[in-house]
Amino acid sequence: MNCLLLKSLRPKSKFYKSLGYVQSWDIRNSGKISFRLFPIFVIKDSVNVIAMNSNAFKILFLHGLDSSKESTKFHAINAKNKFCIDIDYRNLNYQTVENFYNEIIEKIKPEMLIGHSLGAYWALKMSHLHRIPAIIANPSLNPNFRDDYQSISEIDLEHDIPQMAYIELGDEILDMHATSTLLEQFMQVDAHEGGHHRLAQPENLNHLIQYMQQTFFRA
């Protein structure tokens, strides 16, 4: 049984300028970032929408705790230009992770963020900070694996940036019923009965990506 809970969104005007193409990223507890940058220059501007085409549209996926770019969620995303960073969350403090994500986003200029679990926490933070549309999946809104993480608050959620949530209610780790109730006040929530925390059907993310592209992006 599937249900889609809708809340009106108010995309705000923005000028997007994208420079560069990232082949690979890797962040370990050494605090170093390795990457290769290729020269691509794309300019997109609009009033209420963002220009999009299959070659230029870039998605940054933020993996969860103890995960990596080998995540099934990342590989399930049907997109040509998708990127993921390996981050050792357990051995990097909050500020270091925030600085890394800020730097990555400034370099690759993704049109969309997608995050799962702890990665969804960071997707919400970065979406708000950089005004980038985001999709989150079974988000960890109250991380407790470190003392320097604060819970997601209404300040992180109450804005006009397009966001959607994909929820599998059978999550054995996090209470997705309570999470859905909270999130539906701020964004569209696509809630599915069953499933589990690591997502039984990560390919469903592609439906949300397509919806976001058709609703908030245009050629």
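The table below gives the values:
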read-out	value
Pairs, first touching a residue at least 40 places away in the same chain (Cβ under 8 Å) in the stretch 198-219, second among the aliphatic types (A, V, I, L, M) and assigned to a helix (DSSP H, G or I), C-beta under 9 Å, six or more apart	Leu199/Ala76; Leu199/Leu205; Pro202/Ala76; Glu203/Ala76; Leu205/Ala76; Asn206/Ala76
Qualifying residue in the stretch 58-73 (condition: surrounded by 11 or more Cβ atoms within 10 Å (Cβ to Cβ), at pLDDT 95 or above and part of a helix (DSSP H, G or I))	yes
Among (1) under 16 Å from Asn206 (Cα atoms); (2) of a type in the set (Gly, Ala, Ser); (3) part of a helix (DSSP H, G or I), the one test that Ser127 misses	(1)
Selected residue (criterion: nearest to Lys73 (Cα to Cα)) from residues of the stretch 140-176 that are under 16 Å from the mean Cα position of the chain (by Cα) and of a type in the set (Val, Ile, Thr)	Ile167
Residue match in the stretch 110-118 (condition: among the charged types (D, E, K, R) and either surrounded by fewer than 23 Cβ atoms within 10 Å (Cβ to Cβ) or touching a Leu at 6+ places or on another chain (Cβ under 7 Å) (or both))	no
Sole residue being modelled with pLDDT of 95 or more, buried (at least 18 other Cβ atoms within 10 Å of the Cβ) and out of contact with any Gly (no Cβ under 8 Å at 6 or more places or on another chain), chosen from Ser151, Ser127, Ser140	Ser127
Criterion: of a type in the set (Val, Ile, Thr), at pLDDT 95 or above and out of contact with any strand residue (DSSP E or B) (no Cβ under 6 Å at 6 or more places or on another chain) - qualifying residue of Thr215, Thr181	Thr181
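The values are calculated or read from the model by the stated rules, or taken from the named source; none is laboratory data. All figures in this text were calculated on a predicted structure; none of them were measured in a lab. FYI the Cβ positions are ideal-geometry reconstructions off the backbone, even for glycines, and counts take in every protein chain you see.
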